[in-house]
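S.K.: Sharing a structure here in structure tokens format.
The values are calculated or read from the model by the stated rules, or taken from the named source; none is laboratory data. The model shown is predicted, which means the values in this text are computed figures rather than measured ones. A quick note on method: Cβ atoms are made from the backbone with ideal geometry, for glycine too, and the neighbour counts reach across all protein chains shown. Just the protein is used for accessible areas: all its heavy atoms, side chains included, with ligands, DNA and RNA removed. Shrake-Rupley method; radii C 1.70, N 1.55, O 1.52, S 1.80 Å.
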Amino acid sequence: MLLFVLGVVIVLIGVALSIALHEIGHLVPAKLFGVKVTQYMIGFGKTLFSFRRGETEYGVKAIPLGGYISMIGMFPPGKQGGAARNATTGFMQQLAQDARTASAETVAVGEEDRTFYRLPVWKRIIIMFGGPFMNLVIAVVLFGVLLMGFGAPQSSTTIATVSQCVLPASSTQKSCGADDPQGPAAAAGLKPGDTIVSIDGQKITSWDQSTAIIRDSAGKTLTVVLSRGGEERTVRLTPVVNKVAKTGPNGTVVKDASGGIETLTVGFVGIGPVTELVPQPPTAVLPAVGAQTAAVFNVFLHLPQRMVDVWNAAFGSAERDPNGPISVVGIGRAAGELTALDGVPVVDKAYTMIGLLASLNVALFVFNLIPLLPLDGGHIAGALWEGLRRTVAKIFRRRDPGPVDMAKLMPLTFAVVIVFGGMSVLLMYADIVKPVNLFG
């Protein structure tokens with residue numbers, strides 16, 4: 001139990017640091033550009049503690065589900081001569097400060113030039129992009145630690161498992177029956193821990209190489225040299241014809257349109273590899289971050305269907321998709337289960353924990369760039385639209401249209417909050433009653 005709690009605490013600290021650095025990504029450029037920042041807060045709700053440095057209050061609030069900074073004059077006046085209103089980059093706080101109906105803190109006399117909305121478009125974009133960009137930087141650093149420090153998991157030439165029988169990919173059996181044919185590898189005497197040295201005189205340097213030879217040799221007797229306990233021994237085995245699950249480039253099982261597993265008819269001997277971590281060069285980091293970003297983007301692109309799947313899992317018999325969306329509750333639970341696992345090396349636990357936090361920061365990067373208020377991407381989209389309007393007006397020598405009144409989007413913002421809030425509640429409920437099975 002203590003190890004479970006430790007895992008939850010570790011991941012919560014990681015999430016809090018990610019949120020804190022995200023808001024620093026907003027805070028630093030805002031101050032550099034002269035915008036008055038009145039608050040820097042981690043969390044929402046009641047303030048647990050805070051302190052003031054200069055004109056900014058720094059603190060932590062009770063609900064650790066995000067953070068925000070408050071900048072004066074984020075929205076332009078509703079009408080000529082009106083007062084700019086205070087607003088925030090936070091999620092729930094942004095909504096609480098309705099630009100037209102809520103009486104927010106007004107800009108003090110003499111501070112008109114320090115408002116957010118008066119900044120040039122490019123400066124506003126930098127401020128709003130600073131938060132997601134910080135999450136991207138965190139992800140790059142963590143992926144660098146994973147790939148360069150620990151390594152990428154790769155199949156070695158050492159055997160981890162030996163199947164005692166031959167079962168087709170469509171079989172649902174968990175163990176061998178008396179009538180099931182014996183596996184060729186087991187019949188030839190192969191054991192876990194054996195390392196494949198060569199097959200038919202061809203030196204084996206990778207697991208994929210040995211797999212390719214075996215799959216193309218159904219019915220053909222192969223001479224295999226193994227290393228066992230520091231000594232080499234030669235065995236002869238004949239791959240049998242079998243149907244195996246088709247896998248994609250990332251090792252996941254390929255399914256057809258009806259959800260069934262696609263199969264291939266190949267040579268089969270019944271062995272599985274030991275997975276080991278192989279350190280990667282620095283050039284492997286950015287492609288890994290890019291691949292993870294694309295995967296997260298795909299999840300958000302198909303989010304409606306993904307949420308339907310989560311609903312069916314939470315209130316039905318369907319299983320959760322390990323590659324689907326997950327809440328902070330699910331991440332914390334997964335971290336707790338990881339640290340509580342018996343027989344798993346500490347290095348492997350640390351590797352997985354860092355991977356969870358790296359993936360979380362990629363998700364925060366992509367999520368916050370969705371072009372909808374109150375997310376950062378909504379403010380960026382508004383600034384880009386304003387820049388486009390002003391550019392067109394300048395080209396055609398028209399009157400400057402002025403700043404975009406983002407407050408008009410508040411009804412849409414409320415709708416977005418309701419939808420995302422509902423999704424969050426559903427995900428947290430599903431992570432409690434039907435958690436994602438990440439560790440078997």
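S.K.: Can you work out ³J(HN,Hα) from phi for every residue in the stretch 33-39, in order, using Karplus 6.51 cos²θ - 1.76 cosθ + 1.60 and θ = phi - 60°, giving whole Hz and x for Gly and Pro?
M.R.: Listing the rounded values in order: 8, x, 6, 7, 10, 8, 9 Hz.
S.K.: How large is ³J(HN,Hα), in whole Hz, for each residue of the stretch 127-132 in order, when computed from phi with the Karplus curve 6.51 cos²θ - 1.76 cosθ + 1.60 and θ = phi - 60°, using x for Gly and Pro?
M.R.: 4, 6, 7, x, x, x
S.K.: Let me cross-check Lys220: its accessible surface, 1.4 Å probe, with only protein heavy atoms counted, in Å² to the nearest 10?
M.R.: Surface open to solvent at Lys220 totals about 110 Å².
S.K.: Using helices alone, I'd like the mean residue ellipticity at 222 nm for the chain: each DSSP H run of four-plus residues gives -39500 (n - 2.57), total over residue count, nearest 500.
M.R.: Working: 11 runs with 183 residues, N = 440.
That comes out to -14000 deg cm²/dmol.
S.K.: Here is a follow-up. I'd like to compare 363-376, 332-345: which one has the highest average count of other Cβ atoms within 10 Å, and what's the full order after that?
M.R.: Details: 363-376: 21.4, 332-345: 16.7.
Ranking the peptides 363-376, 332-345 by packing returns 363-376, 332-345.
S.K.: Moving on to the next point. Name the residues whose placed amide hydrogens come within less than 5 Å of the amide hydrogen of Val278, ignoring near sequence neighbours (fewer than 5 apart) on the same chain.
M.R.: So Val278 has HN proximity to Ala152, Gln154.
S.K.: So I have (1) 1.28; (2) 1.09; (3) 0.99, and one of them is Rg/Rh (Cα atoms, Kirkwood Rh) calculated from this model. Which one is it?
M.R.: Calculated Rg/Rh (Cα atoms, Kirkwood Rh): the matching label is (2).
S.K.: Please give the contour-minus-distance gain from Ala178 to Val425: 0.36 nm per residue of separation, less the Cα-Cα distance, rounded to one decimal in nm.
M.R.: Working: separation 247, 0.36 × 247 = 88.92 nm, distance 4.87 nm.
My answer for the length gained is 84.0 nm.
S.K.: In addition: Give me, ordered by chain and number, the residues 5 or more places off Lys36 or on other chains with an amide H under 5 Å from its own placed amide H.
M.R.: Ile72
S.K.: Over the chain, give the accessible area per residue in Å² for a 1.4 Å probe, as an integer. Write out the running numbers ahead of the final one.
M.R.: Working: 23130 Å² over 440 residues.
For the chain, the solvent-accessible area averages 53 Å² per residue.
S.K.: Which residue, Leu373, Ala334, Ile63, has the largest displacement toward the positive end of the dipole of the chain when charges sit on each Cβ (Lys, Arg +1; Asp, Glu -1)?
M.R.: In the chain, that residue is Leu373.
S.K.: Can I ask one more? Name the residue farthest towards the positive end of the dipole of the chain from the options Ala313, Ala291, Leu167, assuming +1 on Cβ of Lys and Arg, -1 on Cβ of Asp and Glu, about the Cα centre.
M.R.: It is Ala291, whose Cα lies furthest towards the positive end.
S.K.: Ordered by packing density, taken as the mean number of other Cβ atoms within 10 Å over each peptide's residues, highest first, how do 113-120, 131-138 rank? Walk me through the numbers on the way to the answer.
M.R.: Working: 113-120: 19.0, 131-138: 21.8.
Packing order, densest peptide first, comes out as 131-138, 113-120.
S.K.: Carbon-plus-sulfur fraction of the accessible area of the stretch 119-233, 1.4 Å probe, in percent?
M.R.: Details: 3250 of 5880 Å².
Reported share for carbon and sulfur atoms: 55 percent.
S.K.: For Asp348, Asp405, give the ranking by accessible area with the largest first, probe 1.4 Å.
M.R.: Working: Asp348 65, Asp405 35 Å².
Ranking Asp348, Asp405 by accessible area, largest first, yields Asp348, Asp405.
S.K.: Past the 22 Å Cα-Cα mark, which pairs from Lys31/Lys123; Lys174/Lys246; Lys220/Lys243; Lys174/Lys243; Lys36/Lys123; Lys46/Lys408? Walk me through the numbers on the way to the answer.
M.R.: Numbers: Lys31/Lys123 11 Å; Lys174/Lys246 19 Å; Lys220/Lys243 17 Å; Lys174/Lys243 17 Å; Lys36/Lys123 14 Å; Lys46/Lys408 29 Å.
Pairs exceeding 22 Å: Lys46/Lys408.
S.K.: Between the alpha-carbon centers of the stretch 198-245 and the stretch 2-60, tell me the distance in whole angstrom.
M.R.: One Cα centre to the other: 56 Å.
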